[in-house]
Amino acid sequence: MLRVHLGVAARRAGVPLPPAALTAAREAISRAFPVPSDTVVAGEWQSARGDISLLSWSNEPEDHGLPVMLRRDGRVAGVTGHLGRPPDADTLLAAARLGETAGRTGGCFSVLRAGDDDLAAATGSTGACPIFYAATPEVHVVGTRALLVHLVAQAARTGSARPEIVWGLPALESMVRTGYFLSDETPFEGVTALPPGGEIRIAGGRRIVTVVPLPAARPMPTSRRDIRTQIGELADALLSSVEPLLGTAEPVRLSLTGGRDSRLLAALLHGAGVPFVATTSGNDGDPDVELARRVAAALGVEHRVHRPNRSPDGESVVVPHPLVRAHNVRYACEGMLSAYENVPGPARFDPAPRMSGHGGEILRAGFLHNQEDPGHKAVRRRMEGFYAKNADLLTERAREHAQVLAAPWLARCHENPAEALDHFYVTYRVGRWHAASRASLLRTSRPIPPFLDNRVVRTALSMDPLWRRSEDVVHRVIDHFAPELRGIPIEGRPWRFEVERSDHGFVNRILRRRARTRPPVAGTAGGAGGGKPWNWRLSPSEELAGLLREGVAAAGEARVRERLTSLVEDDELGRFLAILPRRRMDVAWNLYTVATMMADAFSDPSPPRLAPLRIPRPG
């Protein structure tokens, strides 16, 4: 359920807002909120002096959930995302410290609040429902959609009700290299994302940004009692995140695979007594399908299989044209995610609650979960790699920009390497990648994310990251909620605590004893020894590779080419395009996304009508 909220406050208290800014907001919403226009409801509020305004839009049914705009005691507010308990909205309206209150409140949401004297907004503990802000000489602009914030700021700056986009070119180096943002920047000049736990408050024309730090972790447990206590705290936080679903009329639709995170959700829903059905994408015989089927059978729930779209002869998969994929990403995710990702097109809102395992790595220590060596030097190399990946393609200016962004995180690696990777995951993989992906889900459906619930996140981060990295925590919580799942293997590699020694004496002894007493686990096809499954995006047909190559090489008009080559060296770009599709296809998707975004400039929210492609399956 995507709600779009926008707040505008004058830089001088008591001075009415420029009319062009509000006119631009009303006109630009179709570009910033790409849903069927006949489904949108709107609300608008203005302070008594005309110096603060709040505008809100929603595409969900009017009788579903909270009103698009909440009102109490002279204040108005808008909530985007999932609020654990609807009565908590009153607490947010009355809170003296909005950021601190939001971080303690159940759910995964952001809130924007206005009154006659101030405008304030806050993100939750992950930033998965983002807040963006910008400033001009006349106004402060705060909102839940970066493009809308940018267009309103541009309108206030230029006086035009239909301003042009000004790209934040240096910031786009991260999109080219990694396909999402590793900073608080956006594609739009002057627009910044509020970090996790952030609050922005504008009063008397002055803007103050504060951030509630992510929790520091407690030491590794030193007794069985301490282990039980911490596991109990996490289990209680998870239970509280799904308790409001007990009375829902429709069962939760859980996307279940053979892995750890969606299995934990299945165990949680089962243990909480929340009705659900499980669905798995794949074909009969796939490890995910077979293991999900076993999990569902053990819990006594219905299991459905969604098979990939194939040609009538079954020899090819049928996929959207890359320009359609890029359009979906551009409008749903505002150019902050690569067209490599699977982002659905616009559709009518479906209120059925949905869950998936996205974000579950928070319970497994974020980027530490796939870090083989957690020592200082190895973690520093990993962090350097985040900002050096594919940097050989960049101009010198773009490489320097990346290194400036890396500096504070490299310093944190020296101070506390485990915490640095743990918090880096929450800040950028969740706060930027997942936030962009989640926006695409919110515009058409009702995702419920227990792993991103503020209370769950803060409880998990307070547990030792190396203990969470061992996967003992996740394993214990699954066992707590659904002991019926013991013995059902995990897809891919085995549990880490079964094969890797911990450096912590007491916990290490317990883990070794548990690994010896557990029954042997059968391997699964496609697991650690079976090789990775075929990915058509990384092994495309010549037709698809040609379309990506042409999209990047042509890049529309000359000024688009000029912008692209301010990020990527022209000679390197030519050499890169010549090797497609043999390698680095992920970067090809990233470049294609940036090039088509600059060429289109959000001119048409309707997806292009282009025939899908057939990608032959290997073998």
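The values are calculated or read from the model by the stated rules, or taken from the named source; none is laboratory data. All values reported here derive from a predicted model rather than from experimental measurement. Here the Cβ is made from the backbone with ideal geometry for all residues, glycine too, and neighbour counts use every protein chain on show. Quick note on the areas: whole protein, heavy atoms, side chains included, nothing else; ligands and nucleic acids left out. Shrake-Rupley method; radii C 1.70, N 1.55, O 1.52, S 1.80 Å.
Are any residues in segment 96-115 of a type in the set (A, V, I, L, M) and modelled with pLDDT of 95 or more, and if so, which ones?
Correct list: Leu98, Ala102, Val111, Leu112, Ala114.
Determine which member of the set Gly232, Gly285 is surrounded by fewer than 18 Cβ atoms within 10 Å (Cβ to Cβ), more than 22 Å from Arg458 (Cβ to Cβ) and either of a type in the set (Gly, Ala, Ser) or modelled with pLDDT of 95 or more (or both).
When all the criteria are applied, what remains is Gly285.
Considering only segment 449-477, state which residues are farther than 22 Å from His434 by Cα, open to solvent by 10 Å² or more (accessible area, probe 1.4 Å) and in a helix (DSSP H, G or I).
Within segment 449-477, Leu466, His475, Arg476 meet the criteria.
Scan segment 111-127 residue by residue and report those that are in contact with a helix residue (DSSP H, G or I) (Cβ under 7 Å, 6 or more places away or on another chain) and assigned to a loop (DSSP other than H, G, I, E, B).
Matches in segment 111-127: Gly124, Ser125, Thr126, Gly127.
Where in segment 280-379 are there strands (runs of 3 or more DSSP E), lying wholly inside it, with at least 1 residues that are more than 23 Å from the chain's Cα centre (by Cα)?
Those strands (runs of 3 or more DSSP E) span 303-306, 316-319.
Mind telling me which of the residues Glu484, Glu419 ends up being part of a helix (DSSP H, G or I), under 25 Å from Gly103 (Cβ atoms), at pLDDT 95 or above and not aromatic (Phe, Trp, Tyr)?
Checking each option against the conditions leaves just Glu419.
Which numbered condition trips up Pro67, out of (1) part of a loop (DSSP other than H, G, I, E, B); (2) open to solvent by less than 70 Å² (accessible area, probe 1.4 Å); (3) closer than 20 Å to Gly143 by Cα?
It fails just one condition, (2).
Which of the residues that make up segment 546-587 are modelled with pLDDT of 85 or more, assigned to a helix (DSSP H, G or I) and either among the basic types (Lys, Arg) or at positive phi (or both)?
Selection gives Arg549, Arg563.
Out of (1) modelled with pLDDT under 95; (2) part of a helix (DSSP H, G or I); (3) not aliphatic (A, V, I, L, M), what's the single condition that is false for His150?
Failing condition for His150: (1).
It is to be established whether one or more residues within segment 34-45 are polar (S, T, N, Q), open to solvent by 10 Å² or more (accessible area, probe 1.4 Å), outside any loop (DSSP other than H, G, I, E, B) and over 21 Å from Ile200 (Cβ atoms).
Looking through segment 34-45, at least one residue is polar (S, T, N, Q), open to solvent by 10 Å² or more (accessible area, probe 1.4 Å), outside any loop (DSSP other than H, G, I, E, B) and over 21 Å from Ile200 (Cβ atoms).
Across segment 178-214, which residue is surrounded by the fewest Cβ atoms within 10 Å (Cβ to Cβ) among those that are of a type in the set (Gly, Ala, Ser) and either at pLDDT below 95 or closer than 22 Å to Ala436 by Cβ (or both)?
Within segment 178-214, the match that is surrounded by the fewest Cβ atoms within 10 Å (Cβ to Cβ) is Gly204.
Restricting the search to segment 67-83, which residues are of a type outside the set (Asp, Glu) and out of contact with any helix residue (DSSP H, G or I) (no Cβ under 6 Å at 6 or more places or on another chain)?
Pro67, Val68, Met69, Arg71, Gly74, Val76, Gly78, Val79, Thr80, Gly81, His82, Leu83
Could you list all residues from segment 158-173 that are farther than 13 Å from Thr186 by Cβ, open to solvent by 20 Å² or more (accessible area, probe 1.4 Å) and of a type outside the set (Gly, Ala, Ser)?
Thr158, Arg162, Glu164
Given the residues Leu66, Leu17, Leu83, Leu2, which is the only one that is within 20 Å of Gly124 (Cβ to Cβ), of a type in the set (A, V, I, L, M, F, W, C) and touching a residue at least 60 places away in the same chain (Cβ under 8 Å)?
Of the residues listed, the single one that is within 20 Å of Gly124 (Cβ to Cβ), of a type in the set (A, V, I, L, M, F, W, C) and touching a residue at least 60 places away in the same chain (Cβ under 8 Å) is Leu2.
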